[in-house]
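Just so it is clear, none of the values below were taken in a lab; they were calculated from the coordinates. Remember, it's a predicted structure, so these values are computed and weren't measured experimentally. Cβ placement follows ideal geometry from the backbone for every residue including glycine, while neighbour counts extend to all protein chains displayed.
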Amino acid sequence: MAASSTPTASGYTVAGVIKEFPRTVARGVGQVMFQDSAWTGLLFLIGIFWGAYAEGSPLVAWGALTGVVVSTLTGYLSGLQDENGAQGLWGFNGVLVGCAFPTFLGNTIWMWLALIFCSALTTWVRNAFNNITGKWGVSSFTFPFVFCTWCFLLAARQFHGMPDTGMSTPEIVYNVPASIDMGLGDLVVYWLKGIAQVFLINNWVTGIFFLIGLALCSVRAAVWAAIASAISLLIALCFHAPGASVAEGLYGFSAVLTGIALGATFCRFTWQTAVWSVCGIIATVFIQAGMNSFMAPLGLATLTGPFCIGTWLFLLPAYKWFEPKNS
């Protein structure tokens, strides 16, 4: 018992880690949308499990749980001197890796081993990327997840031990107009799916869980998530984006993250930053469409890459204009 209370090299005690670990894991899920709240993370997890099972993809939910646990453990076991580790900042990239692998890759033991390794890798890669981006006063956001997952998905084209069954066929894509239902109820479903797709879940009920989870921690974040998904849906419809992608909320998820980042996390609230946030959301939708076309010949999903690029582009100048606050 005495050994369990002895501080580790990083200042943690074994007993303290064990006691706080469930809360830290839940916070890691919440931090995907910048929320340092275990209750928010728990609601996000409930939404992930609900949507994954409802859509017949239960492995996505279990992958998410595996990813956040592994990436959080990696932070502790690596002895990282990260005072924010207990706030879940080691876990948010891992949970997204856990959602992505069962979505895009076949269910084999090798896929799960790759998921575990990639989830752990994001913890180290986040530290490395933050050493670079921190010099300009911004975070690496979810780019460790994006970068590592891209590498593994491309590797799946060579390694058939993790079959690329869920990935798109590499091709030059041209938009073939397709009609979609435009009733009020249908539009609400598309809007909610834009929020749910942050975790690669194609289910509108999950979007409700996510909005409630956001509101528990920050009403402002929930409002900006709702606004961002609505703006992205409007732009996609006005510019005649592919109907199937619109219906599945695939133009919304990066814009939602950009909206929360600019509107509710890193900038103080003023009318100028509100306008700036809307501009960032709009830009992210176009970045999303451009990256969709760019990645299509590789058969690779953009993941949250458009969010990272869009938010970086709008935070870097705002650092001088609007004095971003720390999250």
Notebook entry, point to check: What are the DSSP H helices in the chain that stretch 30 Å or more along their long axis, judged by alpha-carbon atoms, and whose average Kyte-Doolittle hydropathy comes to at least -1.0?
Noted result: 109-133, 271-295
Next item on the list: Take the alpha carbon atoms of the stretch 248-285, find their center, do the same for the stretch 31-101, and report the distance between the two centers in whole angstrom.
Entry: 23 Å
Next item on the list: Round to the nearest 0.05 the FRET efficiency obtained for Ile18 and Leu184 when R0 = 35 Å and r is the Cβ-Cβ distance.
Entry: 0.10
Notebook entry, point to check: Sorted by mean Cβ packing within 10 Å, highest first, what order do the peptides 229-236, 102-109, 151-158 take?
Noted result: 229-236, 102-109, 151-158
Next item on the list: Subtracting the Cα-Cα distance from 0.36 nm times the residue separation, let me have the gained length for Leu237 to Gln272 in nm, one decimal.
Entry: 9.9 nm
Checklist line | the stretch 10-155: mean projected area of Cα convex hull, nm² | finding: 8.7 nm²
Next item on the list: Once you have a ≥ b ≥ c as the square roots of the Cα gyration tensor eigenvalues for the stretch 77-224, tell me rounded if a/c is under 1.5, and otherwise prolate or oblate according to whether a/b is larger than b/c.
Entry: oblate
Notebook entry, point to check: Where does the chain land at 222 nm, in deg cm²/dmol rounded to the nearest 500, when only DSSP H runs of n ≥ 4 count, each adding -39500 (n - 2.57), divided by all residues?
Noted result: -21000 deg cm²/dmol
Checklist line | Linear extension gain, Ala155 paired with Ile212, 0.36 nm per residue minus alpha-carbon span | finding: 16.8 nm
Checklist line | Cα-projected label distance for Trp110 with Phe294, points at 7 Å along beta-carbon direction, nm | finding: 3.0 nm
Check: Among Ser37, Ser119, Ser254, whose mean-square fluctuation peaks in a Gaussian network model of the chain (Cα, cutoff 10 Å)?
Finding: Ser37
Item checked: For the stretch 184-321, the fraction of alpha-carbon pairs in successive 5 Å shells from zero, as % -> 2, 12, 22, 24, 20, 13, 6, 2, 0
Checklist line | Estimated dipole of the chain in Debye, rounded to 20 [Cβ of Lys and Arg +1, of Asp and Glu -1, Cα centre] | finding: 600 debye
Next item on the list: For the chain, evaluate the Debye formula with one uniform point scatterer on each Cα (no solvent term) and list log10 I(q)/I(0) at q = 0.07, 0.10, 0.15, 0.16 Å⁻¹, rounded to two decimals.
Entry: -0.26, -0.54, -1.25, -1.43
Check: Taking the alpha-carbon set of the stretch 153-251, what are its Rg and Dmax in Å?
Finding: 16.0, 45
Next item on the list: Given the peptides 62-73, 298-309, arrange them by the average over their residues of other C-beta atoms within 10 Å, most packed first.
Entry: 62-73, 298-309
Check: Which Cα, out of Pro163, Gly243, Ala230, lies furthest along the positive dipole direction of the stretch 133-257 (beta carbon charges, K/R +1, D/E -1)?
Finding: Ala230
